[in-house]
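Heads up, the thing below is written out as structure tokens.
The values are calculated or read from the model by the stated rules, or taken from the named source; none is laboratory data. What you see is a predicted model; the values in this text were computed from it and never measured. A quick note on method: Cβ atoms are made from the backbone with ideal geometry, for glycine too, and the neighbour counts reach across all protein chains shown. We work out accessible area using only protein heavy atoms, side chains counted, and drop any ligands, DNA or RNA first. Shrake-Rupley method; radii C 1.70, N 1.55, O 1.52, S 1.80 Å.
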Amino acid sequence: MSNAHMRGAAPMEGRGAYNANSALQAAGGAVGVPLMEAAAASIAIDEGDRPVVCADYGSSEGRNSLVPLGAAVRVLRRRFGPERAIIVAHTDLPGNDFSTLFEVVDSSAESYARDDKNVFPSAIGRSFFLPLLPPGHVDLGWSSYAAQWLSRNPATLPGHIFARASKGEAASAFARQAKTDWETFLSLRAKELRRGGRLVVIMPAPDEAGLHPSAVLFDCAEDALQEMIAGGAITAHEREGMIILSYPRLPAELLAPFGPEGQFAGLKPNHCAHVPLGDVAWTQYEHDRDTAALAARRAAFFRATFAPSLARALDRASEERTNIAFLTRLEAGVRRRLLDRLSPTVNFVTTLLLEKT
Ligand SMILES: C[S@@+](CC[C@H](N)C(=O)[O-])C[C@H]1O[C@@H](n2cnc3c(N)ncnc32)[C@H](O)[C@@H]1O
């Protein structure tokens, strides 16, 4: 396996593509908004005028961060008045499209910063498996649909692109990696949080039977990749390195590090739930009965969220033209296959509210 094959997740597709095709993630994040409001209402903040610090871990292009952070800022304003400085630090991988994020934060009607001159948006381009902010610096953390991405690929996955669908030895290697990554993420965030601070984490989850709602998309993508090998668009070796390192988790997996004492690295879970989500794309389909449009929406979601991770295994991954040609061909292949495999999907999220004790 080459080094490229050992890399972790890739950022989402840029130039606004993720923002335009992440309605599913927006719906999942919405489930966490009341938790974020409760967290903002209960963080311990000393008197004085130091800025209140909010961190957004894995922001992508920012659109889906506006509602939860806006909700938090409103609660903080009620508690501390209009003059208190609030810093919002959006963090993501260095290759993330931060230009789009800043434009969205600056100009979106939904932005928490739009009419508030005392909110200071900023961004940090570094993996969340590394320290991102100084110890004891963060009052309130938010991370939605991000911490399920693994830091590295610990095994080859012949015949599969989705890590959680692996079997046998590979499945054990991915489970170990997921455990290590989650503990690393928690330990780092615990260090960054002030005492009395809160962190809300939203993660995609399998259903109760362990099945993955996006499995049909992955099946279609695997077929489309085979067709691309047969047509010479990619090589079998490139295909071998294509893995989606997203590892959705059930509440028991997220709570495992806390053990019977309910503590890990100074963090204590105050709430954890497994919540079903409505299928936004299907609801639209019930309205317009446009099969092609539904397949296109599902395929565009797949492209913006998962396909960039697959493109990393291309021999010429650094060439923009090669990347875009790959994403476009794969999206078309997925869309075509989806046309006769469309059905409503129940997605799930696991929600977690943690307190730094
Ligand atoms: C599906 S997007 C979620 C974006 C947004 N929070 C939302 O709810 O729509 C996942 C984000 O996690 C980021 N990500 C994945 N691994 C990461 C890592 N190790 N460090 C920082 N960000 C990471 C990706 O770059 C991507 O922007």
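Provide, for q = 0.13, 0.14 Å⁻¹, the log10 of I(q)/I(0) from a solvent-free Debye sum over equal Cα point scatterers in the chain. Treating every Cα as an identical point scatterer, log10 I(q)/I(0) equals -1.02, -1.18. Remark: the stretch 268-274, residue by residue, has Karplus-estimated 3J(HN,Hα) of 10, x, 9, 6, 8, 8, 10 Hz, where x stands for each Gly or Pro and the curve is 6.51 cos²θ - 1.76 cosθ + 1.60 at θ = phi - 60°.
Protein heavy-atom surface of the stretch 199-357, 1.4 angstrom probe: 53% of the accessible area is carbon and sulfur, with nucleic acids and ligands not counted. Taking K and R as +1 and D and E as -1, what net charge do the other residues with C-beta under 15 Å from the C-beta of Phe348 add up to? Once all neighbours under 15 Å are counted, the net charge is -2. Here the dipole of the stretch 116-202 is about 100 debye; that uses its Cα centre as origin and unit charges on the Cβ of Lys and Arg (positive) and Asp and Glu (negative). For the options Ser143, Ser343, Ser166, a Gaussian network treatment of the chain with springs between C-alpha atoms closer than 10 Å singles out Ser343 as fluctuating the most. Computed on the stretch 283-357, the Cα convex hull volume stands at 151 Å³ per residue. Within the accessible area of the stretch 20-110, the carbon and sulfur atoms contribute 57%, probe 1.4 Å, all protein chains present. Shape of the stretch 238-340 from the C-alpha gyration tensor: oblate (a/c of 1.5 or more and a/b not above b/c, with a ≥ b ≥ c the square roots of its eigenvalues). Give the lysines whose C-alpha is closer than 30 Å to that of Lys356, dropping any in the same chain fewer than 8 places away, or say none. The qualifying lysines are Lys117, Lys179, Lys191, Lys268. Rg and Dmax of the stretch 63-218, based on Cα coordinates, read 18.2, 57 Å. Solvent-accessible surface of the stretch 210-340, averaged per residue with a 1.4 angstrom probe and all protein chains in place: 46 square angstrom.
With R₀ set to 45 Å, the beta-carbon distance separating Arg126 from Ala236 gives a calculated FRET efficiency near 0.85.
Determine the sum of side-chain charges near Phe174: Lys and Arg each +1, Asp and Glu each -1, restricted to other residues whose C-beta is under 13 angstrom from that of Phe174. Please report the intermediate quantities before stating the final value.
Numbers: positive: Arg152, Arg164, Lys167, Arg176, Lys179, Arg249; negative: Glu169, Asp181, Glu253.
Surrounding charge for Phe174 is +3.
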